[in-house]
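Visitor: One structure is given below, represented as C-alpha cells, and several questions about it will come after.
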Amino acid sequence: MPTLTVIENLSLDGVMQAPGRPDEDERDGFAHGGWAIPYNDEVLGRKMGEHMARPGALLFGRRTYEDFAGFWPRQADNPFTPVLEARTKYVVSSTLAEPLPWANSTLLRGDAAQAVAGLKERTDEDLVVLGSGQLVRTLAAEDLVDEFQLLTYPLTLGKGKRLFGEGTIPAAFKVTKSTVSPSGVVIATYQRAGEVTTGDFQLKDPSPAELERRVEQQARLRAAENLIRVVDVKDEYTGAHSDRVALLVEAIARQLGVRLRVDWIVFTRHARRIDCDATIGSIVKADADGGGPRRGPRLTKPYVASGYVLVLPAKSASIERLEDVKGKIAVEHTSWPHYVLDQRKVPLSSHGSPFDVLDAVAKGEAAAGLVSDAYAGWYLKLQPGTIRISETYVPERDFRWNVAVALRNADAPLVDAVNHALDALIADQTIPKIFARYGIRYRPPVTP
C-alpha cells in the first residue's frame with residue numbers, strides 16, 4: 001500500500017496557517033501571513049526542492065487546492081511550477097465540480113477519510129499532502145497518515161490554525177531524518193511507530209498490598225466493539241449489533257470469571273482513545289504474529305471466519321459464483337469489493353452505505369449485493385424475508401478474513417486464558433448460537 005506523507009511548516013506553538021505570504025489565509029483575523037519567509041536559506045530551499053521532486057501524487061483539501069491552482073500556474077520562470085503542473089493531483093471536496101481548473105487534477109467526493117482510504121487501496125503512487133490543515137486533521141484522526149515531514153520554525157504566533165488539535169489520536173512516531181537549517185528551522189521526518197507505550201516508577205520489590213492491587217487491575221477486562229459508523233442509519237440497526245456483541249462479551253466474561261465493562265467505539269483503531277483492554281472483532285492479518293509487550297495488542301487465536309456474503313432477493317435461487325449473477329451486483333462506494341470487482345469489469349451498482357446495498361437487493365433494483373455478514377444479519381433480523389444469503393457462495397480470498405480478540409497490556413497467561421474461553425464457547429455451541437440468532441451461519445476460522 002502506498003505511503004501518505006504530510007509536509008507542513010509549523011511555528012513552535014504548532015500554528016500552520018499562512019506561512020507563505022500575507023494574503024494566503026486571513027481567516028479569523030490572522031495577521032502574520034508570510035511568517036516563514038524570513039527564515040529562507042540554502043538548506044530550506046534544497047529541502048523544498050527535494051519535497052517537490054519526490055515521486056508520487058499530491059493530495060489537497062479544497063482551500064489549499066484553490067490557493068495553489070490560483071497561484072502556481074501564474075509563476076513564470078519558477079522551477080516548482082512545471083513540477084506541480086505535471087504531478088497527479090487529487091482534491092477532496094464536497095463543493096467543487098469537475099472539470100477542475102488545474103491540469104492532471106481528480107476530484108474525490110464523499111467522506112474525506114473514506115475517500116482517501118479507498119484511494120490508498122487502489123493506487124500504487126505514494127501520496128503527499130501539502131498544507132490542507134482540515135484534511136490533515138481528518139486523516140490523522142483516522143490514522144491514515146504514515147509519515148509527517150515537519151519544518152518547525154523558531155517563533156511562536158499565539159493564534160492561528162494548528163496542525164494538531166481535538167480529535168488527534170495517541171500515536172507513537174520515530175524520527176528517521178532530521179537537520180537544522182542555518183536560520184534555525186528544524187526539519188524532521190516522523191514515521192508511525194505503533195502505539196503509545198507508557199512506563200512507571202514501581203518498585204522492583206512491591207509490597208503485598210501493591211501486588212494485590214495489580215492482580216485486581218489485571219482482572220478488570222474491558223471490551224470494545226468495531227462498531228461501524230453509517231450515516232443516517234436507524235438506531236435499531238446499532239441496537240441489534242450491540243445486543244449480539246454484548247452476548248459474546250458476556251459469554252467470554254463468564255468463562256473467565258471476571259466482570260466486563262463494555263464501551264462502544266466507531267472504528268477498531270479508536271480503541272486507543274479509551275481505557276480499553278480488549279477489542280472484540282479484530283481482523284487477523286495474514287502477517288500477524290500476536291504482538292508483544294511493546295508492539296501493541298496481542299491477538300488471541302481466531303474464533304470465527306468472517307467476510308463478505310452474497311445477498312440475493314428473497315425468492316432468488318442460490319448462486320455459487322459471482323460470475324453467475326445475472327445483472328448488476330450492488331456494492332458500497334469506495335469499498336474493497338467495489339475496487340476489486342471494478343478491476344474485473346463486473347457490472348456494479350454503487351451505493352452510499354451497506355444498508356443502501358441491502359435495500360437495493362430487497363427492492364429488486366440489483367440482482368445481488370456484497371456486504372459483510374454482520375450487516376446482512378442485522379438486516380434479516382429487522383426485516384425478515386426481504387433478502388436471503390446465498391449459502392452456496394464461498395467468499396473468495398479477497399473477501400474473507402479471520403476474527404480474533406485483541407488484548408492490550410496483556411501477558412501470555414491472559415492470552416491463554418481468553419483462548420481457552422473461546423475454545424470452550426465454540427465447543428459448547430455458545431458462539432455459533434449467538435451468530436445464528438442474527439441469521440448468520442457460524443464459520444470456523446479458515447487456514448491461510
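Visitor: With the structure loaded, tell me whether residue 55 is out of contact with any helix residue (DSSP H, G or I) (no Cβ under 9 Å at 6 or more places or on another chain), assigned by TED's automatic domain parsing to the domain that holds residue 100, under 19 Å from residue 125 (Cβ atoms) and part of a loop (DSSP other than H, G, I, E, B) or whether it fails that test.
Guide: Yes, satisfied.
Visitor: Within segment 412-448, which residues are over 26 Å from residue 388 (Cβ atoms) and either in a loop (DSSP other than H, G, I, E, B) or not assigned by TED's automatic domain parsing to the domain that holds residue 258 (or both)?
Guide: 428, 447, 448
Conditions tested, residue by residue: (1) crowded, with 19+ Cβ neighbours inside 10 Å; (2) under 30 Å from residue 353 (Cα atoms); (3) among the hydrophobic types (A, V, I, L, M, F, W, C).
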{"site": "118", "(1), (2), (3)": "yes, yes, no"}
{"site": "154", "(1), (2), (3)": "no, no, no"}
{"site": "158", "(1), (2), (3)": "no, no, no"}
{"site": "181", "(1), (2), (3)": "yes, no, no"}
{"site": "185", "(1), (2), (3)": "yes, no, yes"}
{"site": "190", "(1), (2), (3)": "yes, no, no"}
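Visitor: Residue 195 versus (1) at negative phi; (2) modelled with pLDDT of 95 or more; (3) not in a strand (DSSP E or B): which is the lone unmet condition?
Guide: (2)
Visitor: While we're looking at this one, here's another question. Looking at segment 81-112 only, could you name the residues that are surrounded by fewer than 18 Cβ atoms within 10 Å (Cβ to Cβ) and among the small types (Gly, Ala, Ser)?
Guide: Hits for segment 81-112 are 86, 94, 97, 103, 110.
Visitor: Any idea which of 342, 356 is acidic (Asp, Glu), surrounded by fewer than 16 Cβ atoms within 10 Å (Cβ to Cβ) and under 27 Å from the mean Cα position of the chain (by Cα)? Working first, answer last.
Guide: Details: 356 fails: surrounded by fewer than 16 Cβ atoms within 10 Å (Cβ to Cβ).
Going through 342, 356 in turn, just one is acidic (Asp, Glu), surrounded by fewer than 16 Cβ atoms within 10 Å (Cβ to Cβ) and under 27 Å from the mean Cα position of the chain (by Cα): 342.
Visitor: State whether one or more residues within segment 165-172 are hydrophobic (A, V, I, L, M, F, W, C) and either out of contact with any Asp or Glu (no Cβ under 9 Å at 6 or more places or on another chain) or modelled with pLDDT of 95 or more (or both).
Guide: no
Visitor: Mind checking which pairs have a first residue in segment 378-404 that is assigned to a loop (DSSP other than H, G, I, E, B) and a second that is among the charged types (D, E, K, R), Cβ under 7 Å, 6 or more apart or different chains?
Guide: Sorted first by the residue in segment 378-404, then by its partner, the pairs are 391/441; 392/320; 393/320.
Visitor: Being surrounded by fewer than 20 Cβ atoms within 10 Å (Cβ to Cβ) and within 28 Å of the chain's Cα centre (by Cα) is the filter here, so list the residues in segment 413-437 that pass it.
Guide: Scanning segment 413-437 gives 414, 415, 419.
Table: residues versus (1) modelled with pLDDT of 65 or more; (2) under 17 Å from residue 143 (Cα atoms).
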{"residue": "163", "(1), (2)": "yes, yes"}
{"residue": "175", "(1), (2)": "yes, no"}
{"residue": "187", "(1), (2)": "yes, no"}
{"residue": "205", "(1), (2)": "yes, no"}
{"residue": "210", "(1), (2)": "yes, no"}
{"residue": "214", "(1), (2)": "no, no"}
{"residue": "222", "(1), (2)": "no, no"}
{"residue": "234", "(1), (2)": "no, no"}
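Visitor: Right, next: From the set of residues in segment 34-62 that are farther than 18 Å from residue 181 by Cα and among the basic types (Lys, Arg), which is modelled with the highest pLDDT?
Guide: Per the criteria, the residue is 62.
Visitor: For residue 409, work out the one condition from (1) within 24 Å of the chain's Cα centre (by Cα); (2) under 19 Å from residue 255 (Cβ atoms) it doesn't fulfil.
Guide: (2)
Visitor: Suppose we keep only residues that are in a helix (DSSP H, G or I) and in contact (Cβ under 8 Å) with a residue 12 or more places away in the chain within segment 359-377. Which one would you say is surrounded by the fewest Cβ atoms within 10 Å (Cβ to Cβ)?
Guide: 362
Visitor: List the number of the failed condition for residue 430; all other conditions in (1) of a type outside the set (A, V, I, L, M); (2) touching a residue at least 60 places away in the same chain (Cβ under 8 Å); (3) over 20 Å from residue 253 (Cβ atoms) hold.
Guide: If we test residue 430 against (1) of a type outside the set (A, V, I, L, M); (2) touching a residue at least 60 places away in the same chain (Cβ under 8 Å); (3) over 20 Å from residue 253 (Cβ atoms), just (3) comes out false.
Visitor: Mind checking which residues of segment 33-47 are crowded, with 18+ Cβ neighbours inside 10 Å and assigned to a loop (DSSP other than H, G, I, E, B)?
Guide: Those that are crowded, with 18+ Cβ neighbours inside 10 Å and assigned to a loop (DSSP other than H, G, I, E, B): 33, 35, 36.
Visitor: Another one. So, in segment 1-17, exactly how many residues are surrounded by 15 or more Cβ atoms within 10 Å (Cβ to Cβ) and over 21 Å from residue 89 (Cβ atoms)?
Guide: Final tally of qualifying residues: 5.
The values are calculated or read from the model by the stated rules, or taken from the named source; none is laboratory data. All values reported here derive from a predicted model rather than from experimental measurement. Note that we place each Cβ from the backbone using ideal geometry, even for glycine, and neighbour counts take in every protein chain shown.
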